[in-house]
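Working notes for the structure below.
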Amino acid sequence: MLGLSQLCDCGSFLIESEIPQAEILQYATSLRSQTQGQGTFTMSVARLEPVSDHLADVIVETLEREGAGV
């Protein structure tokens, strides 16, 4: 987490953080669940970083299984 700011006395907060893109889809569901559908988020790419050799192998295997061709 990079920062937490209270936006108003109404209980709204701004949370700034960086997470891997692979986790963002799970985050949306979790946020809605934890905020009773009231939470929203925006995302932007902060930077690109290489993945580990093991994770790269998993990604390639998954794409090959799905017929995406690598």
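Computed quantities for the displayed model
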{"item": "Residue, surrounded by the most Cβ atoms within 10 Å (Cβ to Cβ), within the range 28-70, restricted to residues that are among the small types (Gly, Ala, Ser) and part of a loop (DSSP other than H, G, I, E, B)", "result": "GLY39"}
{"item": "Checklist (1) under 16 Å from the mean Cα position of the chain (by Cα); (2) outside any loop (DSSP other than H, G, I, E, B); (3) modelled with pLDDT under 85; (4) of a type outside the set (D, E, K, R) applied to SER5, failing item", "result": "(1)"}
{"item": "Options ILE19, ILE15; residue that is open to solvent by 60 Å² or more (accessible area, probe 1.4 Å) and either among the basic types (Lys, Arg) or not in a loop (DSSP other than H, G, I, E, B) (or both)", "result": "ILE15"}
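The values are calculated or read from the model by the stated rules, or taken from the named source; none is laboratory data. Only a predicted model underlies this, so the values are computations on that prediction, with no experimental measurement involved. Methodologically, a virtual Cβ is constructed for each residue, glycine included, from the backbone with ideal geometry; neighbour enumeration extends over all protein chains shown. Surface areas here come from the heavy atoms of the whole protein model, side chains and all, with no ligands, DNA or RNA. Shrake-Rupley method; radii C 1.70, N 1.55, O 1.52, S 1.80 Å.
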